[in-house]
Amino acid sequence: MNILVINCGSSSLKFQMINSETEQCIAKGLCERIGIEGSMITYAPAGGEKEKTVTPMPDHTEAIRLVLEALTNEKTGVVKSLDEIGAVGHRIVHGGEKFAESTIITDEVMAAIEECNDLAPLHNPANLIGINACKKLMPGTPMVGVFDTAFHQTMPEEAYMYGLPYEYYKNYKIRRYGFHGTSHSYVSKRAAELLGRKYEDLKIIVCHLGNGASVSAVKNGKCVDTSMGLTPLEGLIMGTRCGDIDPAIIEFLAHKEGKNIDEIMSVLNKKSGVLGLSDNLSSDFRDLEAGYEKNDPNAIRTLKTYCYRVAKYIGAYAAAMNGVDAICFTAGIGENGPLVRTLVCGYLGYLGVTLDEEANQKKGEEVVISTSDSTTTVLAVPTNEELAIARETVRLVK
Ligand code: AMP
């Protein structure tokens with residue numbers, strides 16, 4: 001069965017068509033600047049040329065129409081008609097406490113997703129627009145929602161509650177939710193397979209280090225803690241997001257800089273993280289690594305602080321699980337950043353971690369990067385959120 005995986009943002013839309021039997025991606029692409037002048041679609045069939053077309057996309061329905069046209073195009077398409085698309089899997093950012101699992105999308109489910117809009121005002125409305133556009137253009141094709149928060153719903157109360165007045169939880173559901181759940185779930189399961197061990201017997205820490213970044217603790221196949229919170233701003237230092245800070249800094253900065261709450265939040269989301277910490281050197285780790293090799297103090301400070309924070313979370317989660325069997329690095333930096341992995345693992349001697357320097361040089365591969373006598377196994381495992389969404393979609397529609 002061909003599964004169309006859609007990841008719909010406010011002005012962009014990523015898509016992949018996956019054959020569920022072979023689990024191969026047969027085409028993928030991206031629509032950018034939806035609703036903005038200069039919109040364009042990038043489309044690439046597997047093994048074929050990537051083509052970029054600048055064309056008006058006033059809304060998401062038009063973007064999805066163009067995606068379907070590309071997929072069924074006589075010359076470069078991968079299916080003859082829309083009938084060959086068995087189901088659509090939608091990535092949905094926030095499922096609140098309502099969704100602990102993926103689900104077939106019905107009118108009731110859409111209403112429940114809408115009720116979570118408050119918790120992810122930038123993302124959930126865009127996800128719903130994507131679902132509506134698909135409903136319009138592919139009526140009758142089953143659709144599944146796969147939630148970024150669902151995998152973390154197994155966290156115990158002590159991990160998800162904040163030290164705030166309890167009424168805020170009761171009234172507004174303010175608590176830790178966590179994100180990147182599809183990735184944490186996929187990578188932790190894959191690590192168990194690679195180790196030839198039962199998922200339910202393992203204590204695994206997953207470090208998803210991409211532009212957004214989070215760590216999770218997975219004990220006996222269930223997530224027991226994760227570093228992102230009510231929103232994706234908490235936890236690790238990220239590309240441009242600050243991660244954990246003293247909340248009083250917000251008031252302090254507001255007074256010092258005369259900024260209102262929206263302006264401060266924009267700084268914390270868009271101008272902080274490794275970009276801000278490196279004095280605007282870059283949010284891209286390739287630039288930071290190059291700077292580190294050249295002894296640039298901005299790059300050195302940034303990478304040391306970034307890796308120290310990751311190591312602190314690993315320590316916290318080893319404590320939370322009373323031990324750890326495997327530590328996984330994934331996403332852009334985790335999969336491709338030997339320097340970051342080396343700096344983080346430098347703190348993990350107490351867990352019996354010894355890095356295999358040669359294996360650690362590999363990029364973008366599934367590889368054990370610790371030595372065979374390392375007490376805790378360290379792995380790099382490329383994440384594949386689209387495949388995980390396609391698998392969930394097939395599981396529910398079959
Ligand atoms: P993601 O959000 O998972 O796509 O990760 C994006 C980030 O991964 C980029 O901002 C880069 O900093 C980082 N990245 C991607 N490729 C490499 C690489 N070859 N070496 C180091 N960092 C990389």
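The values are calculated or read from the model by the stated rules, or taken from the named source; none is laboratory data. Note that the structure is predicted; figures quoted are calculated from it, not measured. No Cβ is skipped: glycine too gets one built from the backbone with ideal geometry, and neighbour counts run over all protein chains shown. The protein model used for the area step is the full one, side chains on, heavy atoms only, and it has no ligands, DNA or RNA in it. Shrake-Rupley method; radii C 1.70, N 1.55, O 1.52, S 1.80 Å.
With angles folded into 0 to 90 degrees, how steeply does helix 124-137 sit against the dominant principal axis of the chain? Use alpha carbons for both and round to 10.
For helix 124-137, the angle is close to 20 degrees.
What distance in nm separates the two pseudo spin-label positions at residue 293 and residue 361, each 7 Å out from Cα along the beta-carbon direction?
1.2
Using 0.36 nm per residue, how much length does the chain from residue 372 to residue 74 gain when fully extended, once their Cα-Cα distance is taken away? Let's see the in-between values first.
Working: separation 298, 0.36 × 298 = 107.28 nm, distance 5.19 nm.
Stretched out fully, the residue 372 to residue 74 stretch lengthens by 102.1 nm.
Per residue, how big is the convex hull of the chain when only Cα atoms are used? Give it in Å³. Please report the intermediate quantities before stating the final value.
Numbers: hull volume 63.0 nm³, N = 398.
Convex hull of Cα atoms, per residue: 158 Å³.
As an exercise, take the mean of 1/r over every pair of distinct alpha carbons in region 189-257, invert it, and state the Kirkwood radius in angstroms.
14.0
In terms of solvent-accessible area of protein heavy atoms at a 1.4 angstrom probe, what is the ranking of 108, 200, 49, 32, highest value first? Working shown, then result.
Working: 108 135, 200 100, 49 155, 32 55 Å².
The ranking, largest first, comes out as 49, 108, 200, 32.
Give me the percent relative contact order of region 194-249, please, defined on Cα pairs under 8 angstrom at least 6 residues apart.
Details: 87 pairs, mean separation 13.8, N = 56.
Relative contact order for region 194-249 comes out at 25 percent.
Once the Cβ-Cβ distance between residue 173 and residue 271 is put in as r, and R0 is 30 Å, what FRET efficiency do you end up with, to the nearest 0.05? Walk me through the intermediate numbers first.
Values: r = 29 Å, r/R0 = 0.96.
FRET efficiency, residue 173 to residue 271: 0.55.
In Å², what does the accessible area per residue of the chain work out to with a 1.4 Å probe? Working shown, then result.
Values: 18480 Å² over 398 residues.
Heavy-atom accessible area per residue stands at 46 Å².
Could you list which residues have their amide H under 5 Å from that of residue 356, counting only those 5 or more apart in sequence or on another chain, with H placed in the peptide plane?
Close amide H contacts, sequence-distant or interchain: 370, 371.
Return the percentage of antiparallel bridges among DSSP beta bridges fully within the chain, rounded to the nearest 5 %.
Values: 40 of 59 bridges.
For the chain, the DSSP antiparallel bridge percentage is about 70.
Rounded, prolate or oblate: which one fits region 103-231, using the alpha carbon gyration tensor with axes a ≥ b ≥ c (rounded when a/c is under 1.5, else prolate when a/b beats b/c, else oblate)? If you can, show how the numbers build up before the last one.
Details: a/c = 2.20, a/b = 1.25, b/c = 1.76.
Oblate, because a/c is 1.5 or more while a/b does not exceed b/c.
In what sequence, highest mean first, do 147-159, 19-31 appear when ranked by Cβ atoms within 10 angstrom?
Working: 147-159: 20.4, 19-31: 16.8.
By packing density, highest mean first, the sequence is 147-159, 19-31.
Applying 1/(1 + (r/R0)^6) with R0 = 56 Å to the Cβ-Cβ distance of residue 141 and residue 244, what FRET efficiency is obtained, to the nearest 0.05?
Details: r = 42 Å, r/R0 = 0.75.
Result of the calculation: an efficiency of 0.85.
Would you kindly state how much longer the chain becomes between residue 154 and residue 301 on full extension, computed as 0.36 nm times their sequence separation minus their alpha carbon distance, in nm to one decimal?
49.3 nm
Which value in deg cm²/dmol, rounded to the nearest 500, describes the helix-derived mean residue ellipticity at 222 nm for the chain, given -39,500 (n - 2.57) per DSSP H run of n ≥ 4 and division by the residue count? Write out the running numbers ahead of the final one.
Numbers: 15 runs with 147 residues, N = 398.
Taking each H run of at least 4 residues, the total per residue is -11000 deg cm²/dmol.
For region 1-127, which whole percent of the accessible surface, found with a 1.4 angstrom probe, sits on carbon and sulfur atoms?
Details: 3030 of 6260 Å².
The value for region 1-127 is 48 percent carbon and sulfur by accessible area.
Report the normalised scattering of region 225-369 as log10 I(q)/I(0) at q = 0.10, 0.21 Å⁻¹, calculated by the Debye formula with identical scatterers on the alpha carbons.
Listed by q, the Debye log ratios stand at -0.39, -1.37.
For region 296-398, compute Rg over Rh where Rg is the Cα radius of gyration and Rh is the Kirkwood radius from the inverse mean 1/r over Cα pairs. Walk me through the numbers before you get to the answer.
On the way: Rg = 15.6 Å, Rh = 14.8 Å.
That ratio is 1.05, to two decimals.
Relative to the first principal axis of the alpha-carbon coordinates of the chain, what is the inclination of helix 297-320, with its axis defined by its Cα atoms, in degrees from 0 to 90 and to the nearest 10?
90
Peptides 230-236, 136-142: what's the order by average Cβ count within 10 Å, highest mean first? Can you show the working numbers first?
Numbers: 230-236: 20.9, 136-142: 12.9.
Going from most to least packed, we get 230-236, 136-142.
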